[in-house]
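The values are calculated or read from the model by the stated rules, or taken from the named source; none is laboratory data. Small disclaimer: the values here were computed from a predicted structure and weren't measured. Cβ: placed from backbone, ideal geometry, glycine included. Neighbour counts: every protein chain shown.
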């Protein structure tokens, strides 16, 4: 069995996976939503302090499996450095105390393996990564051969959802609140611009769209007509434009690369409208769409454990004292034309 720790942002999580059966034999997770809600977003220092409190509590539930653990896996990049440090320090302590090797796991690789929680991973694979911290198109030939084909020039998709929701004074967590509001809205009422329309770069950008939402909200507030239905219409129209932009650039990629299978990963991949339209896009190109189970779309330790099986089989162990923490993904090239 492999024990995995995830603390890249604001969710404290520990999971244990059976290497042969892929069964998650233990899983514990603590959300920090209530703590960050007053601030409208994640406060890194607060997240780190809560990880320091929550991770030891979660570890108590994993103790019955300690004698069967063969390795300790931990997210070490990318993420909030102060939050990552809490998980890494725990992993180092467990590695030394239990005399077990340590496996540093890239957070985005964890999300990619969330597509294969209960099955053997299949490569080559393309994927759209959509979360609060990342928006990217990824190609993977195997566990050790990943590349980012396109990244966002500014905000990530999930971040844009969160900021638009905050401007509309919706609940927290904001992205889910915006999706909920959009269900009762008219997505055609507001004609928000499609970002980077006609731009030859294979890249994403959500800052201009976010600004268009801000201007629309300010104009309606000045006119005293920002009612509940109008908020829902703005949410739906924003969601339509944001998803259309993501799929517009993904379509350009698919037209040239012609992947046989393409996954949708990351916290924002739980958006049901996005999942539906992404699946339709894949079918346009006779490409198999892959989705993570909804419970594993967000940050979780089970996906880190799943990726760690591949790292274990490849012998990618690390000296506990030498493990590095990186706040940014190291394989992000500049935007390219396609």
>> Need the failing condition index for residue 182 against (1) over 29 Å from residue 253 (Cα atoms); (2) crowded, with 23+ Cβ neighbours inside 10 Å; (3) modelled with pLDDT of 95 or more, just the number.
In response: (1)
> Is it true that residue 163 is without any contact (Cβ under 8 Å) to a residue 60 or more places away in the chain and under 21 Å from the mean Cα position of the chain (by Cα)?
Replying inline: yes
> From the list 15, 52, 62, 4, which residue is part of a helix (DSSP H, G or I) and buried (at least 18 other Cβ atoms within 10 Å of the Cβ)?
Replying inline: 62
> Going through the stretch 104-131 one residue at a time, which ones are crowded, with 21+ Cβ neighbours inside 10 Å and over 18 Å from residue 2 (Cβ atoms)?
Replying inline: 108, 115, 125, 126, 127, 128, 129, 130, 131
>> Quick check on residue 69: is it touching a strand residue (DSSP E or B) at 6+ places or on another chain (Cβ under 6 Å) and surrounded by 18 or more Cβ atoms within 10 Å (Cβ to Cβ)?
In response: no
>> Name the residue that is surrounded by the fewest Cβ atoms within 10 Å (Cβ to Cβ), counting only residues in the stretch 93-103 that are in contact with a strand residue (DSSP E or B) (Cβ under 7 Å, 6 or more places away or on another chain) and part of a helix (DSSP H, G or I).
In response: 94
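For every residue, the table says whether it meets (1) touching a residue at least 60 places away in the same chain (Cβ under 8 Å); (2) closer than 20 Å to residue 309 by Cα; (3) touching a strand residue (DSSP E or B) at 6+ places or on another chain (Cβ under 6 Å); (4) in the same structural domain as residue 20 (by TED's automatic domain parsing).
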position	(1), (2), (3), (4)
33	yes, no, no, yes
40	yes, no, no, yes
45	no, no, no, yes
50	no, no, no, yes
54	no, no, yes, yes
> From the list 215, 209, 137, 220, which one is touching a helix residue (DSSP H, G or I) at 6+ places or on another chain (Cβ under 7 Å), farther than 30 Å from residue 110 by Cα, at pLDDT 95 or above and not in a loop (DSSP other than H, G, I, E, B)?
Replying inline: 220
> without any contact (Cβ under 8 Å) to a residue 40 or more places away in the chain, surrounded by 15 or more Cβ atoms within 10 Å (Cβ to Cβ) and either closer than 13 Å to residue 304 by Cα or within 24 Å of the chain's Cα centre (by Cα) (or both): does that describe residue 81?
Replying inline: no
